Amino acid sequence: MTRELFEQELISMPMIVDVPYRFAAGKYMSRFLIGLKDNGKFLGIRCPSCNRVQMPPRIVCAACHVKNTEWVELGQEGTLAGFTIMYLPLTDPTTGKLHKPPFTYGSVRLDGCDSVIDHLVNIEPDVNKIWIGMRMKAVLRSKEQRTGDLSDILYFEPVEGQEKPGRQL
Amino acid sequence: MKRNVAIIGGGQTHHAARRHDVNQVEMVNEAIRAALLDARITIDEIDAVLLGNMEFFEGTHMTDCWLVDGTGVYGKPGLKITTGGTVGATIVCAGAHHVASGLFDKVLCIGFEKQEEGDTGAILSGVAHPLYGRSMAGAAVGYFAMMGTSYMATWGAKEEHSAMVAVKARQNARKNEYAHLKLDITIQDALNARMLAYPIRMLDMCPASNGACAMILADEKTARDRCTKPVWIRAMDSAHNEQFELDWRDVTTTRPIFSKVSAARLYRKLGVKNPVEYFDVFEIYEPATWAELVWYEDLSICGPGEGFKLIEDGMTEIDGPIPVNPSGGVLSTNCIGASAMLRVWEAALQIRGDAGEHQVPKEVNRALTTAYGGTNWAVLIALSGSSDE
């Protein structure tokens, strides 16, 4: 019997599971997304205890356990805090479309904000042309095309006229 | 702890990229049988069974229910835990707490993953906030790539240092009969490998493995009566990070991030002044090469910015003064739900002197293990061959 079991053909079944979801953004994220869509503005929220400005805005400061209350309008510019050049063809899980490699993405800290936002960076995928500390500005879709999600930001791009400082990677 | 807790046995599968010869139950059962045999105990003697894996990686929820026949939990108390990559270590912590509290005397802990049955990248994207950042999610490699660029830019390390970690892991794996990637590679091989996400190349990243690990934890009386080489769980700690922050990807961060917070607290519990003197071996969770260098620093094995010098000087080689991941680590074997438990089990084997070819060539009394979960929380466990030090 055992012998028979091991000599038989083995089966594996391919299966695709397609599951629809509908996420509630909540009060804070909704106000942020509407601010982005209607006014092209980034809204953060300041903790009354530690004064950190957090984006996306959220109900409670994780560090202080107090309710965030003071809304802060942030500018369109910031600093690149981390980056990578991606050579893998990654699927955008929110659209199902491929991000065509190679492409650059990074974490940008908007001026006056303590959090970072991860997004595409529109720059030649060349490690000698991008660096941590590089000045960035957000490029948004035109108002008519904005839908109230993070894709309303097309990408970040370098502020013009910068040179890579110091040591070459 | 209220009662001392010992690891009285354990086992693992031979980890591999393809295990179409078994289903999930059959694969998990291999590790459990090995663990019971090692502990010289029967499943009837087990009081409770704790199991964990990555949420939905194999497309089934409630794996504790699906795997009942293979895990031996039928008719017994049991629970499933999922905490991302840390899960194997979290299961050990939960098992240890159940024994320490006096609730159970013998607990079977299981961690497993059959990565080939699902789409790791697609399911991992569910870790990101659905409305904020998920469009950029899809693979862990991007996060570790940012850690790498941050590390190189801050400390002046080179891609060669990453390659040294990649080579150490796979050369150690060649000595570990259970490891997945047993590669006889050189630094040049690692540097020539295909770029995945700058600066991470193919050989700088962990594989997708199938495999399971099981361990049996017991109270002191059982351990002393039944086990010739009990390994004692001396301290455990866990800490979470905050969302929407660069945190662990930014090596210059001064924020109280998971790894540093957990290490500081665990060292305080044990009275550790110098971890290099205190621990004889480390089994850390390094899904990417750069994570290993950062762990060196976060665990105070060396100072900030000195991690790459440690690997350069061969300090963490299997026969070096501070052996790190003699098993080959996560870089060589990543059946995710089992990976954090494998760190603990491999550390226990080192203390027992039972690691075989990858046994470090020195006396091993104490070991430290680490794990990442969703790269947003960490679990650290300290083991000792002695129940009082």
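The values are calculated or read from the model by the stated rules, or taken from the named source; none is laboratory data. Note that the coordinates shown come from a computational prediction; the quantities given were computed from them, not determined experimentally. Counting neighbours? That spans all protein chains shown, and the Cβs are built from the backbone with ideal geometry, glycine included.
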| said: Contact list please: Cβ distance under 7 Å, first residue in the range A:7-29 and within 9 Å of another protein chain (Cβ to nearest Cβ) and farther than 16 Å from B:Gly133 by Cα, second residue at pLDDT 90 or above and in a loop (DSSP other than H, G, I, E, B), pairs at least six apart or on different chains. | reply: A:Leu10/B:His20; A:Leu10/B:Asp21; A:Ser12/B:His20
| Of the residues in the range A:78-94, how many are over 16 Å from the mean Cα position of the chain (by Cα) and either crowded, with 16+ Cβ neighbours inside 10 Å or among the basic types (Lys, Arg) (or both)? | 2
| Residue selected from the range B:118-141 under the condition within 23 Å of B:Ala166 (Cα to Cα) and either among the hydrophobic types (A, V, I, L, M, F, W, C) or modelled with pLDDT of 90 or more (or both), by the criterion surrounded by the fewest Cβ atoms within 10 Å (Cβ to Cβ) | B:Ala139
| What strands (runs of 3 or more DSSP E) lie completely within the range A:60-165 and have 1 or more residues being within 15 Å of B:Ala197 (Cβ to Cβ) and more than 9 Å from every other protein chain (Cβ to nearest Cβ)? | A:103-110, A:117-121
| request: Just name the residue that is surrounded by the most Cβ atoms within 10 Å (Cβ to Cβ) out of those in the range B:214-241 that are more than 26 Å from B:Val272 (Cβ to Cβ) and within 22 Å of the chain's Cα centre (by Cα). | output: B:Ala214
| message | I want to confirm something. Restricting to the range B:18-40 and keeping residues that are touching a helix residue (DSSP H, G or I) at 6+ places or on another chain (Cβ under 7 Å) and among the hydrophobic types (A, V, I, L, M, F, W, C), which single residue is surrounded by the fewest Cβ atoms within 10 Å (Cβ to Cβ)? | response | B:Val25
| query | Are any residues in the range B:271-290 in contact (Cβ under 8 Å) with a residue 60 or more places away in the chain and surrounded by fewer than 19 Cβ atoms within 10 Å (Cβ to Cβ), and if so, which ones? | reply | B:Tyr278
| message | Considering only the range B:142-162, I want to know if a residue exists there that is more than 12 Å from chain A (Cβ to nearest Cβ), farther than 29 Å from B:Gln243 by Cα, among the charged types (D, E, K, R) and surrounded by fewer than 24 Cβ atoms within 10 Å (Cβ to Cβ). | response | yes
| query | When only residues in the range A:95-115 that are modelled with pLDDT of 95 or more and among the aliphatic types (A, V, I, L, M) count, which is surrounded by the fewest Cβ atoms within 10 Å (Cβ to Cβ)? | reply | A:Leu110
| request: Kindly list the number of the only condition in (1) buried (at least 24 other Cβ atoms within 10 Å of the Cβ); (2) in a loop (DSSP other than H, G, I, E, B) that fails for B:Gly337. | output: (2)
| task | Name every residue in the range A:39-77 that is in contact with a helix residue (DSSP H, G or I) (Cβ under 9 Å, 6 or more places away or on another chain) and surrounded by 16 or more Cβ atoms within 10 Å (Cβ to Cβ), in order of residue number. | result | A:Gly40, A:Phe42, A:Leu43, A:Gly44, A:Ile45, A:Met55, A:Pro56, A:Pro57, A:Arg58, A:Asn68
| request: Just need a number here: residues in the range B:97-113 that are surrounded by fewer than 24 Cβ atoms within 10 Å (Cβ to Cβ) and not polar (S, T, N, Q). | output: 8
| Yes or no: A:Gly133 more than 18 Å from the chain's Cα centre (by Cα), more than 18 Å from A:Gly35 (Cα to Cα) and surrounded by fewer than 16 Cβ atoms within 10 Å (Cβ to Cβ)? | no
| request: Count, please, the residues in the range B:172-214 that happen to be touching a His at 6+ places or on another chain (Cβ under 8 Å) and within 14 Å of another protein chain (Cβ to nearest Cβ). | output: 1
| field | Residues (polar (S, T, N, Q) and over 14 Å from B:Cys109 (Cα atoms)) located in the range B:1-28 | value | B:Asn4, B:Thr13, B:Asn23, B:Gln24
| said: For the condition without any contact (Cβ under 8 Å) to a residue 60 or more places away in the chain and crowded, with 22+ Cβ neighbours inside 10 Å, what is the one hit in B:Thr83, B:Thr71? | reply: B:Thr71
| Positions within the range B:255-279 being part of a loop (DSSP other than H, G, I, E, B) and either away from chain A (no Cβ under 12 Å) or under 19 Å from the mean Cα position of the chain (by Cα) (or both), in sequence order | B:Ile257, B:Gly271, B:Val272, B:Lys273, B:Asn274, B:Phe279
| said: Test of understanding: among B:Trp248, B:Trp295, which residue is buried (at least 22 other Cβ atoms within 10 Å of the Cβ), farther than 30 Å from B:Ile41 by Cα and within 14 Å of chain A (Cβ to nearest Cβ)? | reply: B:Trp248
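Mind checking whether some residue in the range B:126-136 is of a type in the set (Gly, Ala, Ser) and under 18 Å from B:Asn334 (Cβ atoms)?
no
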| message | Among the residues of the range A:7-38, what is the count of those that are surrounded by 12 or more Cβ atoms within 10 Å (Cβ to Cβ) and either in contact with a Ser or Thr (Cβ under 6 Å, 6 or more places away or on another chain) or in a helix (DSSP H, G or I) (or both)? | response | 11
| If a residue has to be acidic (Asp, Glu) and either surrounded by fewer than 16 Cβ atoms within 10 Å (Cβ to Cβ) or touching a Gly at 6+ places or on another chain (Cβ under 6 Å) (or both) to count, how many in the range A:137-169 make the cut? | 4
| request: Enumerate the helices (runs of 4 or more DSSP H) found wholly within the range B:139-204, keeping only those where 1 or more residues are of a type in the set (Asp, Glu). | output: B:159-173, B:187-192
